[in-house]
Amino acid sequence: MTVIDRSLTRSLKQRRLFLTRERSDAAEIVYVCVDDGLPGGYPVGYVIPSRTGTWFAYARARPGRVFANDQVDAGLSSVEEAVRAVLDHARYGDVLFALEQRAGSDTTYTAEVSRAHATWFAALAEPEGITHLGNGRVRFTGPAVAYLRGLPARLGCHVDDDRIRMGGESYRLVRETRRTVEARPEGGTV
């Protein structure tokens, strides 16, 4: 397989994705997979070469369809360009959301965003776990951040590393530390 450049490698890692390769007599297929803890990962797209030496890109562009991919680009000059096309279209936030919920983490994040963006976030039907705290401050649960991390950048709202990017703006996500109060058997607190 062609060597993938560092910026693409970094982008894959930030979005919890990795590449696997399958070679047959007919062609080499490069899969883009979510790191779901299983050895093969969860495939959200793949790229294949054509007979003319260009590449086709297929991505999970409609969430909820298990292992169903749509062709999102064709005639691409390199495997890197084809993988980037998959990243531009693959929607797998529902997969990351489910993984994060299964983990049972109560991690939350906050961001100071514009008031218009805060209102927009609060009005979203999906994902769950976004709260407008007032004055442009928004709280996101871990599953909500995971969901946003799985959105393609072309949709205008996604998470990379510790930044939420929306409408050309970039906002820092701050991880909150949570203190829990344990209940005593008699109803008191520790």
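The table for this structure:
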| read-out | value |
| --- | --- |
| Net charge of Cβ neighbours under 14 Å - reference G167; Lys, Arg +1; Asp, Glu -1 | +3 |
| Paired Rg and Dmax values of segment 68-129, which use every Cα atom, in angstrom | 16.7, 44 |
| Of R175, R51, R137, the one that fluctuates the most in a GNM where the chain has Cα springs shorter than 10 Å | R51 |
| The chain - accessible surface per residue (Å², probe 1.4 Å) | 57 |
| Cα-only radius of gyration and Dmax that characterise segment 1-103, units Å | 13.3, 45 |
| Counted charge near G150, where neighbours are those whose Cβ lies closer than 9 Å (Asp, Glu -1; Lys, Arg +1) | +3 |
| Cα-based Rg and Dmax for segment 79-188, where Dmax is the largest Cα-Cα distance (Å) | 16.1, 64 |
| In range of the label at S114: residues from segment 134-175 whose backbone nitrogen is under 17 Å from the point 7 Å along Cα→Cβ | 135-138, 155-158, 164-172 |
| Relative intensity, log₁₀ I(q)/I(0), of segment 101-163 from a Debye sum that treats every alpha carbon as a point, q = 0.20, 0.27 Å⁻¹ | -0.77, -1.33 |
| Ratio of Rg to Rh over the chain (Cα coordinates, Kirkwood Rh, two decimals) | 1.07 |
| Most fluctuating residue given options V86, V113, V32, as computed from a GNM of the chain linking Cα atoms under 10 Å | V113 |
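The values are calculated or read from the model by the stated rules, or taken from the named source; none is laboratory data. Quantities reported herein were computed from a predicted structural model and do not represent experimental measurements. As a convention, Cβ positions derive from the backbone with ideal geometry for all residues, glycine included, and neighbour counts pool all protein chains shown. The accessibility values were calculated without ligands, DNA or RNA, using every heavy atom of the protein model including side chains. Shrake-Rupley method; radii C 1.70, N 1.55, O 1.52, S 1.80 Å.
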